Amino acid sequence: EKGGYPHFMLKEIFEQPRSILDSMRGRLELGASHLNMGGIRAYEQKFINAQRIIIVACGTSWHAGLVAEYLIEDLARIPVEVEYASEFRYRNPIITERDIVIAISQSGETADTLAAIELAKSKGATIFGVCNVVGSSIARATDAGAYTHAGPEIGVASTKAFTAQVTVLTLLAMIMGQKRGTITDTKLRELMVELDTIPAKVTKALELDAQIQEIAEEFKDATNFLYLGRGYNFPVALEGALKLKEISYIHAEGYPAAEMKHGPIALIDENMPMVVIATRDSSYEKVVSNIQEVKARKGRIIAVVSEGDKVIPAMAEYVIEVPHTSEVLMPLVSVIPLQLLSYHIAVLRGCNVDQPRNLAKSVTVE
Ligand code: F6R
């Protein structure tokens, strides 16, 4: 059942080229130059005229929501707020009939997310679900939605569900941008072509497995980790840190790289590993100077860079080169080495990666 892999988590990490493709199938048709998402058809005008989008989710799904915030604001120019479902429902939020609430949930059973939906519904908002489990409570509670086609996710730590969520949300942002006229045809076409290459790029990123295992050997006894990223890679930093915490029980934090100087930089010494996601994008130069700051304080740097980077290898102790893609699609590729790193560290520490202590696959208590 684990398809020859020692753990479900590793199997699921390696399934991602497939699960991303499955989540695009029928929605991205490159030949016909066509984007399509059945779930929004009945609500098209609502999406076009939405005054605001509120995303509610928990954990890894909340991280996918953060990526969606960047995507939707960038491509469709609608203001987006991303809320922890549990906080949202207990603070008397302002919700109107012109708001669209997007609920993201792998299991479709997360109690906090479900309760946030019920609240938003009672205020008249339109609820759109992005769920993996067909017929789940959240899928049933929403007005419309688009399923992620990740297939069953057994490992408690979410991996392929995250990339499937980001895939669906990317398509949604592209469609909204197209319908609202906030993205040019040329830009849209470029993104479609690029999105089509993502499964192959994820396959290439997975080939880094052996190299990442060696890095894991080096850092398996660390007691703390920092993960840094900017822009689209900031949510990826949060996700990398969450994966490590969950399955290896090493304390880890994700930060926007520029926030370092406002506090966390005080933590850096020769014992502090820092995973920096520094792919070639609009904040690349800034991240390079963040790496310099860390290096000057003797932090140990593991950098995730775009293939062919000439600058960072001279600065970082370990360099993981991932295939390059468009900035807005990078999370789908840059998250892969972070999933593998946490997996290997957890295995080397003898942890139960598929069923980490204190965690359950779906959290049905509030
Ligand atoms: C992370 C993880 C949890 C879930 C969270 C939301 O690896 O497993 O943080 O992401 O409990 O679950 P869903 O997406 O099922 O609502």
Calc'd 3J(HN,Hα), segment 114-122, phi into Karplus 6.51 cos²θ - 1.76 cosθ + 1.60 (θ = phi - 60°), Hz, glycine/Pro = x, comes to 4, 5, 5, 5, 4, 5, 5, 5, 5
Of all trypsin sites (Lys or Arg not before Pro) in segment 320-366, the ones in DSSP coil with at most 13 other Cβ atoms within 10 Å are R357
For segment 46-110, the percent of accessible surface on carbon and sulfur atoms (probe 1.4 angstrom, ligands and nucleic acids excluded) is 46 percent
Set K11/K295; K121/K243; K123/K179; K11/K46; K245/K286, cut-off 30 Å on Cα-Cα distance; pairs above it are K11/K295; K121/K243; K11/K46
Total charge of the residues flanking S19 in space, meaning their Cβ is under 10 Å from its Cβ, with Lys and Arg +1 and Asp and Glu -1, is -2
Placing +1 on each Lys and Arg Cβ and -1 on each Asp and Glu Cβ in the chain, then taking the dipole about the Cα centre, the residue among G59, A42, A111 whose Cα reaches farthest towards the positive end is A42
If R0 = 35 Å, then R140 and K295, at their Cβ-Cβ distance, give a FRET efficiency to the nearest 0.05 of 0.10
Per residue, accessible area of segment 239-320 with a 1.4 Å probe, heavy atoms of protein chains only, in Å², comes to 42 Å²
Among A241, A266, T325, the residue whose Cα sits farthest towards the positive end of the charge dipole of segment 220-366, when +1 is placed on the Cβ of each Lys and Arg and -1 on the Cβ of each Asp and Glu, is A266
So the carbon and sulfur contribution to the accessible area of segment 175-231, 1.4 Å probe, in percent, is 45 percent
The extension gain from E307 to S326, computed as 0.36 nm times the residue separation minus the Cα-Cα distance, is 5.5 nm
A 1.4 Å probe over the protein heavy atoms gives segment 111-160 a carbon and sulfur accessible-area percentage of 57 percent
The alpha-carbon pair-distance distribution computed for the chain, with 10 angstrom bins and whole-percent values, is 5, 26, 34, 25, 9, 1
Quick calc: nm separation of the 7 Å Cα→Cβ label points for K123 and K286 -> 3.0 nm
For segment 38-99, dividing by residue count, accessible area per residue (probe 1.4 Å) in Å² works out to 46 Å²
Answer in debye to the nearest 20: the dipole magnitude of segment 120-244 about its Cα centre, from +1 Lys/Arg and -1 Asp/Glu charges placed on Cβ, is 800 debye
Those trypsin sites (Lys or Arg not before Pro) from segment 1-89 that are DSSP loop and have at most 15 other Cβ neighbours within 10 Å turn out to be K2, R25, R77
Taking the dipole of segment 106-196 about the Cα centre (Lys, Arg +1; Asp, Glu -1; charges at Cβ), the one of T142, G181, T167 that reaches farthest to the positive side is G181
D (µm²/s, integer) via Stokes-Einstein for segment 190-255, Kirkwood Rh across alpha-carbon pairs, 37 °C, 0.692 mPa s: value 241 µm²/s
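The values are calculated or read from the model by the stated rules, or taken from the named source; none is laboratory data. Remember, predicted model here, so these are calculated numbers, not experimental data. Here the Cβ is made from the backbone with ideal geometry for all residues, glycine too, and neighbour counts use every protein chain on show. Side chains are part of the model used for accessible areas, which takes the heavy atoms of the whole protein and leaves out ligands, DNA and RNA. Shrake-Rupley method; radii C 1.70, N 1.55, O 1.52, S 1.80 Å.
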